[in-house]
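Okay, so here's the structure we're looking at.
The values are calculated or read from the model by the stated rules, or taken from the named source; none is laboratory data. These numbers come from a predicted model, not from an experiment. All Cβ positions, glycine included, derive from the backbone under ideal geometry; neighbour counts span all protein chains shown.
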Amino acid sequence: MTDSIQIGYLLRAGTAGFVAGCSVSQLEAPALGELVRAPLEKAYSVYGLITDIHIDDDGLVRQLVTAGNISPEVMHDNRERRIVPVEMTVLTVGYELDGKVSHLLPPRPPLSLDVIYLCSDADLTKFTGSGHFGYFRHILQAKEIPIEEVLAAHILQVKNKTKNVRWVEQATQELITLLKDDYPTLMTVLGALGEVSA
Amino acid sequence: MPLNFQQVIDRIKEIGLGAKARQQDLDTRRRHARQLLDEWSKKTAELRDKVERARQSDPGLRCALPLDEPLDAATQQPEGQKIALLLAADGSQIAPDRHAAVLYSLVNVGAIRIEPGSGKAPEVFTESSLLFADDLYTETGILTGEAVDLQRDIAERKKLLELAKQVTGPCVALTDGPLELWGAKDANEGDYRRNLDIHKSILSQLQAKNVTVAGYVDKPGADLVVRALEVALQPKGQLKDIRRQHPLRGVTDRWLYGDVLEAGQRSAVFGMQSVSRPHYIGDLALHFFYINVGDAQHPSIVRVEVPKWVVDDKDQLDLLHSVLLEQCRVMGMRPYPYILHRAHEIAVVKFEEKQQVEQQLELELRRAGGEMGEISAKQSAKDLPGRSGIK
């Protein structure tokens, strides 16, 4: 079991999702599909899945790439010293209130500069083990995200961290049920999940 | 009322009509300047003598003082890689604004230390000094914008010295703009003198540390060498009239050396004849050279100001030459020393930051029961949203 790792601060938020920022030097921890948590109050946390990580350029970076032959000092300077935030887009998938996990959308979103943590193995087990995959519908309804890639990454992370093979089988079965009327999406999701089990 | 575009456009058309004639005139003066440069190239002693004579008539004369190198000398980039620790500092400031709700001023200095070849991230430093109440007054009244500029310049150089004191090997310390302290004309004279003494003390301490100090002037608009050529043109008996003689007006050193220097080359080093020359003497005497930091297709001539101790040490001059070219190459098609750009980026106070400082200051004063001013009616009116037009 590992403790929660702080991965950034909240930049902007809505009920259905939020965006967190961190510096490039903090980028080692978060990954696509990871479950993150924004603890708002003592007994209230919002959970989300990372659906996108992107780094904006700026005028200087654009100019530097035209020069080529960038020295390690200049590279480190731009990654570690300059204020170039990495933005992580997070899809809200549930919340926890007074110790009870819900896969519904939270009553209110996190606030600016709230600290965002990567969920510990215990958090992950608790969240994924609650209810019956209710949070999958948030993912499947989010048409602007790469649904199959996020699902595959998430399921792989649960598999690796919790070692719960039965959960993976049940999750796959649940997806087949949820997507029985959407054959194209089901096939791409199963294709991506095939990579997980490979 | 918006601009009276009719008047502006009429004037623009007039400007356009005269463009060809003006260009022909400028081309003639440029050819003349180039010809004079060739003609006087090796007569440096004679020209130096004429400049000294002209200076006696006009101490405010600002021009190049030739040394021993020919005027059109072009020195290649020194061979071999020169390794040195690099330092740069830049500053920004908020001048006191009597129209604002709170009267304050702020000087912000950004500095950076790069160790080329180390593979390490550079170290960056920021020092912010908030001036309030008594800090805002000099013996003659409230701090002017020029006085704040002086404080900023001194703060930059103090930071460079502080960083240089921690260095043991070769070190190059850069600032953006001229090396000499500006402000003699506008700022309070006593204030300027005090800061000048501090500046010279800092320079001497940097010299004692054997630091290669330079001021980098991008896109220089000055005509220092051209002005010396105008002195050359003037008969000896008429040098006292030099202030009114500008036969090469419009020709810049940047154009002149764009024709002389190939990519990577630097010009001869010149002494600086200016009103501040008596202030910088001995090893601190100000000198300069031009360098082409561009490439064969896009020449880019910049001026580099250095103290005499750098000029007298060929190793330091070569080191500076190499470092500037290396730093400019980092920036690709728009050559400018990377380290100076970063120092500027660190130092600059953004509008939002200025607003935050003001809000926090107002909040603290209110909380502590201090007297709060209010924005002037004039400023308040200026801040009103404009008409958005008919929708």
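What do you reckon, is B:Val211 away from chain A (no Cβ under 14 Å), over 30 Å from B:Gln356 (Cα atoms), buried (at least 22 other Cβ atoms within 10 Å of the Cβ) and in contact (Cβ under 8 Å) with a residue 12 or more places away in the chain?
Yes.
Kindly evaluate A:Ala31 against the criterion of being under 19 Å from A:His154 (Cβ atoms), crowded, with 21+ Cβ neighbours inside 10 Å and at pLDDT 90 or above.
no
Say we look at segment A:81-103 and pick out the residues that are modelled with pLDDT of 85 or more and surrounded by fewer than 16 Cβ atoms within 10 Å (Cβ to Cβ); which of these is nearest to A:Gly17 (Cα to Cα)?
Per the criteria, the residue is A:Leu97.
I need the full set of residues from segment B:117-154 which are within 14 Å of another protein chain (Cβ to nearest Cβ) and out of contact with any Gly (no Cβ under 8 Å at 6 or more places or on another chain), in order please.
B:Gly117, B:Ser118, B:Gly119, B:Lys120, B:Ala121, B:Pro122, B:Glu123
Tell me, which helices (runs of 4 or more DSSP H) lie completely within segment B:258-367 with 3 or more residues that are within 29 Å of B:Arg48 (Cβ to Cβ) and either more than 14 Å from chain A (Cβ to nearest Cβ) or not aromatic (Phe, Trp, Tyr) (or both)?
Per the criteria, B:308-311, B:314-330.
Quick one: A:Ile70 ticks every box in (1) modelled with pLDDT of 85 or more; (2) more than 14 Å from chain B (Cβ to nearest Cβ) bar one, so which box is it?
(2)
Please list, ordered by first then second residue, the pairs with beta carbon atoms under 6 Å, 6 or more apart or interchain, first in segment A:178-191 and surrounded by 16 or more Cβ atoms within 10 Å (Cβ to Cβ), second not hydrophobic (A, V, I, L, M, F, W, C).
Within 6 Å, the pairs are A:Leu179/A:Thr185; A:Thr188/A:Glu148; A:Val189/A:Glu148.
Within segment A:76-128, how many residues are of a type in the set (Gly, Ala, Ser) and within 14 Å of chain B (Cβ to nearest Cβ)?
Of the residues in that region, 0 qualify.
I'm told B:Leu131 meets every condition in (1) under 23 Å from the mean Cα position of the chain (by Cα); (2) surrounded by fewer than 21 Cβ atoms within 10 Å (Cβ to Cβ); (3) in a strand (DSSP E or B) except one. Can you identify the failing condition by its number?
(1)
Any chance segment A:103-122 includes a residue that's without any contact (Cβ under 8 Å) to a residue 60 or more places away in the chain, in contact with a strand residue (DSSP E or B) (Cβ under 6 Å, 6 or more places away or on another chain) and closer than 26 Å to A:Leu193 by Cα?
So far as segment A:103-122 goes, yes, one or more of its residues are without any contact (Cβ under 8 Å) to a residue 60 or more places away in the chain, in contact with a strand residue (DSSP E or B) (Cβ under 6 Å, 6 or more places away or on another chain) and closer than 26 Å to A:Leu193 by Cα.
The rows are residues; the columns are (1) touching a residue at least 24 places away in the same chain (Cβ under 8 Å); (2) surrounded by fewer than 21 Cβ atoms within 10 Å (Cβ to Cβ); (3) within 14 Å of chain A (Cβ to nearest Cβ).
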{"position": "B:Ser57", "(1), (2), (3)": "yes, yes, no"}
{"position": "B:Gly60", "(1), (2), (3)": "yes, yes, no"}
{"position": "B:Pro66", "(1), (2), (3)": "yes, no, no"}
{"position": "B:Asp72", "(1), (2), (3)": "yes, yes, no"}
{"position": "B:Ile94", "(1), (2), (3)": "yes, yes, no"}
{"position": "B:Glu115", "(1), (2), (3)": "yes, yes, yes"}
